[in-house]
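Engineer: This is the structure I want to talk about, given as structure tokens.
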Amino acid sequence: MFSFDNTYARLPQSFHRPARPATARAPMLIRFNLALAEALGLDVEGVTEERIAQLLSGQVIPVGAEPLAQAYAGHQFGHFNPQLGDGRALLLGEVIDRQGKRRDIQLKGSGPTAFSRNGDGMAALGPVLREYIVSEAFAALGVPATRALAAVATGEQVIRETVLPGAVFTRVAASHIRVGTFQFFAAQGDEEAVQRLADHVIDRHYPEARQAENPYLAMLALVAERQARLIARWLSVGFIHGVMNTDNMAISGETIDFGPCAFLDEYDPRKVFSSIDQRGRYAYANQPGIGQWNIARLAECLLPLLAEDEDKALEAANGVLKDFGDVFQAEWLDLFKAKLGLTGEGDDDRVLVSDLLEIMHQGEADFTLTFRTLSKVAGGAAVETLLEPFTVPPPGLSDWLTRWRARIEDGRTPAERQAAMEAVNPALIPRNHRIEEAIAAAVYNDFSFFHRLVDALATPYAEDPDTADLRLPPKPEERVTRTFCGT
Ligand code: AMP
Ligand code: MG
């Protein structure tokens, strides 16, 4: 099924350890992403579901695969752990997709590895389905993220707080190299390995950096820029990653590790879902600052490569960190201007956006529906409809609307403006209570709601009458305010 061409396995031995998937009693394919398989150029013709379940639960090792666990370190909630690594995942190998891009094929939940410490190396069904739903939703929303190729139930039991069904997730990524991968070698003072990894990253993700005077500095700047843009995208769709540890930040600029992540229902910049994030380190509005903090940790690893002179290296690193802030601010404003239907440049655009967000916060407005409804108001819908996404009467909304109406006049027709706004303001996001509902049914072997949700999320900007229920915010009794890590 795969034509592997593995480069990570060729890197020195300290980068990885061989890994063997665990036995799964009764592998059963839950879902296979045929469109992605085709984009990856996989040869699936005549391959049965049983065979896919065998391959993508690790029961059969495909020809050319070199299963390995990657070594990495990481700052977890600000505390450095020098030894993390793939404890419940293995890299099967790399394929070149139809566009000529190299993509990792990884099994997650496939049993213990050399890096498992006390963990069992398994994944429970719930986190596997959550990752499937959210990564495919991101693909449809146009937010860079790792992808879901398959979810396979293993027939094994996984022991967490309760006994849960086990599953294996097949993740497709531009690569699985993290900020923490650099930290792993830097913490050991292994500068040669840091450089080797940086060269691999440049060849793989940032070939344009080779032309620069200092390719490593150029690489750092590109990683920072992509990350700043990514986090702006998260904020624009109300996404909270939940565990932005440095081992969960991909060097490629893709969103990775959908553990306790969730989307906002009502807007609150301090919102936290993750049960383990007790102090709100990874709250919605903290994400850009944390992203910058993580890039600073990457810069520290690269310092010896940035300049001969230590002061010059620090100066260069600080320049990158400042640029991170500027790129984020500019990208955030562009995205939110588009959400509000603002074209051109207005002096007070940033204030206009911030004021709306403040009104939404005060009025406990549903994030997604407010922007979607605003799009319709821009197209001529009654202004009162904008009250619907609000929980409490929004102070200052009518004044704000007067300012907004004056600002959006740009020669477009209302219909044109609405179409442009609806193309950037999704009607459907993977709401937390719906993800939980899909998981709750799946635990009893009913995958129908999971499939319905994944299918619907493929067209997040459409308003299909059949999926109207999925677009609604949770009723008070349906609200899910806590999410849990997959471990
Ligand atoms: P995460 O919370 O997914 O970012 O994982 C943090 C670290 O814990 C990584 O090194 C994982 O490989 C490891 N880990 C998480 N869950 C398990 C598990 N069930 N068994 C072994 N290692 C795990
Ligand atoms: Mg992780």
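Engineer: I'd like the residue in segment 273-305 that is outside any loop (DSSP other than H, G, I, E, B), open to solvent by less than 10 Å² (accessible area, probe 1.4 Å) and not hydroxyl-bearing (Ser, Thr, Tyr) and, out of all such residues, is nearest to ligand 1 (Cβ to nearest atom).
Structural biologist: Filtering segment 273-305 for residues that are outside any loop (DSSP other than H, G, I, E, B), open to solvent by less than 10 Å² (accessible area, probe 1.4 Å) and not hydroxyl-bearing (Ser, Thr, Tyr), the one nearest to ligand 1 (Cβ to nearest atom) comes out as 294.
Engineer: Right, something else. List the residue pairs whose Cβ atoms are under 7 Å apart, where the first residue sits in segment 293-312 and is touching a residue at least 12 places away in the same chain (Cβ under 8 Å), the second is buried (at least 19 other Cβ atoms within 10 Å of the Cβ) and not in a helix (DSSP H, G or I), and the two are 6 or more positions apart or on different chains.
Structural biologist: From residues that are touching a residue at least 12 places away in the same chain (Cβ under 8 Å), the pairs are 294/244; 294/249; 297/75.
Engineer: Does residue 47 satisfy the condition of being assigned to a strand (DSSP E or B) and away from ligand 2 (no atom under 16 Å from the Cβ)?
Structural biologist: no
Engineer: Just name the residue that is least open to solvent (accessible area, probe 1.4 Å) out of those in segment 142-180 that are without any contact (Cβ under 8 Å) to a residue 12 or more places away in the chain and assigned to a strand (DSSP E or B).
Structural biologist: Only one residue tops the list, namely 163.
Engineer: Filter segment 1-21 down to the residues that are touching a helix residue (DSSP H, G or I) at 6+ places or on another chain (Cβ under 8 Å) and either modelled with pLDDT of 95 or more or open to solvent by less than 40 Å² (accessible area, probe 1.4 Å) (or both) and list them by number.
Structural biologist: 7, 8, 11, 12, 14, 15, 16
Engineer: Would you call residue 438 in contact (Cβ under 8 Å) with a residue 60 or more places away in the chain, not assigned by TED's automatic domain parsing to the domain that holds residue 133 and not in a loop (DSSP other than H, G, I, E, B)?
Structural biologist: yes
Engineer: Follow-up. Taking the criterion of being part of a helix (DSSP H, G or I), more than 12 Å from the chain's Cα centre (by Cα), away from ligand 2 (no atom under 15 Å from the Cβ) and acidic (Asp, Glu), would at least one residue in segment 225-235 satisfy it?
Structural biologist: yes
Engineer: Okay, moving on. For residue 420, work out the one condition from (1) modelled with pLDDT of 95 or more; (2) in contact with a Lys or Arg (Cβ under 9 Å, 6 or more places away or on another chain); (3) buried (at least 18 other Cβ atoms within 10 Å of the Cβ) it doesn't fulfil.
Structural biologist: Result: residue 420 passes all but (3).
Engineer: Considering each residue of segment 433-463, count those that are open to solvent by 30 Å² or more (accessible area, probe 1.4 Å) and within 17 Å of residue 148 (Cα to Cα), and give that number.
Structural biologist: 5
Engineer: Mind checking which residues of segment 52-101 are of a type in the set (D, E, K, R) and either open to solvent by 60 Å² or more (accessible area, probe 1.4 Å) or not in a loop (DSSP other than H, G, I, E, B) (or both)?
Structural biologist: 66, 88, 94, 98, 101
Engineer: Any chance you could count how many residues in segment 464-487 are open to solvent by less than 80 Å² (accessible area, probe 1.4 Å) and at pLDDT 95 or above?
Structural biologist: 8
Engineer: Condition first: within 14 Å of ligand 2 (Cβ to nearest atom) and either part of a strand (DSSP E or B) or basic (Lys, Arg) (or both). Now tell me which residues in segment 105-129 satisfy that.
Structural biologist: 106, 108, 117, 123
Engineer: Sticking with this structure for a sec: Just name the residue that is nearest to residue 204 (Cα to Cα) out of those in segment 238-272 that are away from ligand 2 (no atom under 16 Å from the Cβ), assigned to a loop (DSSP other than H, G, I, E, B) and open to solvent by less than 10 Å² (accessible area, probe 1.4 Å).
Structural biologist: Only one residue tops the list, namely 253.
Engineer: Restricted to segment 194-218, and to residues that are in contact (Cβ under 8 Å) with a residue 60 or more places away in the chain and open to solvent by less than 10 Å² (accessible area, probe 1.4 Å), which residue is farthest from the chain's Cα centre (by Cα)?
Structural biologist: In this case the residue turns out to be 194.
Engineer: So if I check each of 416, 388, which one is more than 30 Å from residue 257 (Cα to Cα), in contact with a strand residue (DSSP E or B) (Cβ under 9 Å, 6 or more places away or on another chain) and free of Cβ contacts under 8 Å to residues at least 40 places away in the same chain?
Structural biologist: That would be 388, the only listed residue that is more than 30 Å from residue 257 (Cα to Cα), in contact with a strand residue (DSSP E or B) (Cβ under 9 Å, 6 or more places away or on another chain) and free of Cβ contacts under 8 Å to residues at least 40 places away in the same chain.
Engineer: Could you list, ordered by first residue, the pairs with Cβ atoms under 6 Å in which the first is in segment 459-474 and among the acidic types (Asp, Glu) and the second is at pLDDT 95 or above, at least 6 apart or interchain?
Structural biologist: 463/427
The values are calculated or read from the model by the stated rules, or taken from the named source; none is laboratory data. Values in this document were obtained by computation on a predicted structure and should not be read as measured data. All Cβ positions, even for glycine, are placed from backbone atoms using ideal geometry, and neighbour counts span all protein chains on display. These accessible areas exclude ligands, DNA and RNA; they are computed on the full protein's heavy atoms, side chains included. Shrake-Rupley method; radii C 1.70, N 1.55, O 1.52, S 1.80 Å.
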